[in-house]
Amino acid sequence: MSATVLITGANRGVGLALSRHYHGAGWSVVGVCRRASAELAEVATRVIDGVDVANTDDVARLVHELEGQRLDLLINNAGLLRDEQLGEIDFGSIREQMEINAYAPLRVAEALLDNLGEGSKIANISSRMGSIADNDSGGRYGYRASKAALNAFGKSLAMDLAPRGIAVIQLHPGFVQTRMVNFGGLISPEEAAAGIAARIEALTLETTGSFWHSNGEPLPW
């Protein structure tokens, strides 16, 4: 029986590239998204669309849809990038990013605990912009804060889930050529997906809770 991965934000960008990667590796892929795409349908074993991971009712429906389904890997990939400038900070924008980038991955992970078991893994797609030590350019208040919060949530999840045999990792995909950055990145989604998958494969309970670049570089908090 093939292993099963659930990927949020699976319909495009890094999420779609991850779906393609795991499909090619023989995994069963559950693609979760707000709007399905033909590209995702080609590679996903199952598509669950109409799911806003920041909406508690949508997450409850996701849990119902997955009742009894073992998940070997949960990849919290759905995310939102906005920009705020000091002097013109939009706190509504910051709250929205916190909801999607930080609270939603924690909400999904907690909701799907019954689907995860010994040997399962959780990968949170974070960003090096969530590293406080690495911040040497300022700005991006909401994105930085939400990814820093995600890192903190992921670390706590790692500690709490280790006794159950579930490992957790925070991953920076790299500067990827996606719509989020107007396709101005340095690496392709496929390159990012391959690196992410390699870091997940290497993850053990001994390294649970750690923060990595997809290229294999450990990142500072």
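Of all residues in segment 199-221, how many are surrounded by 17 or more Cβ atoms within 10 Å (Cβ to Cβ) and of a type in the set (Val, Ile, Thr)? The number of residues fulfilling the criteria is 2. Does residue 109 meet the test of being under 24 Å from residue 174 (Cβ atoms) and part of a helix (DSSP H, G or I)? Judged against the criteria, residue 109 is a match.
I need a count of the residues in segment 1-58 that are buried (at least 19 other Cβ atoms within 10 Å of the Cβ), of a type in the set (Val, Ile, Thr) and out of contact with any Leu (no Cβ under 9 Å at 6 or more places or on another chain). Residues meeting the conditions: 1. Within segment 53-96, being under 14 Å from the mean Cα position of the chain (by Cα) and either of a type in the set (A, V, I, L, M) or over 26 Å from residue 194 (Cβ atoms) (or both) holds for 53, 54, 73, 74, 75, 78, 80, 81.
Just one residue in the set 119, 174, 138, 92 is surrounded by fewer than 18 Cβ atoms within 10 Å (Cβ to Cβ), small (Gly, Ala, Ser) and assigned to a loop (DSSP other than H, G, I, E, B); that residue is 138. Scanning segment 1-24 for residues that are assigned to a helix (DSSP H, G or I) and in contact (Cβ under 8 Å) with a residue 40 or more places away in the chain gives 13, 14, 15, 16, 17, 18, 20, 21, 22.
Checking each residue in segment 56-89 for being assigned to a strand (DSSP E or B) and farther than 23 Å from residue 149 by Cβ picks out 71, 72. Only one entry of 165, 154, 216 meets the criterion of being out of contact with any Phe, Trp or Tyr (no Cβ under 9 Å at 6 or more places or on another chain), in contact (Cβ under 8 Å) with a residue 24 or more places away in the chain and more than 18 Å from residue 22 (Cα to Cα), and that entry is 165.
Quick note: the coordinates plus some simple rules give every number you see, no bench work behind them. Please read all numbers here as calculations on a predicted model, not as lab measurements. When we count neighbours, we look across all protein chains shown, and the Cβ atoms used for this are built from the backbone with ideal geometry, even at glycine.
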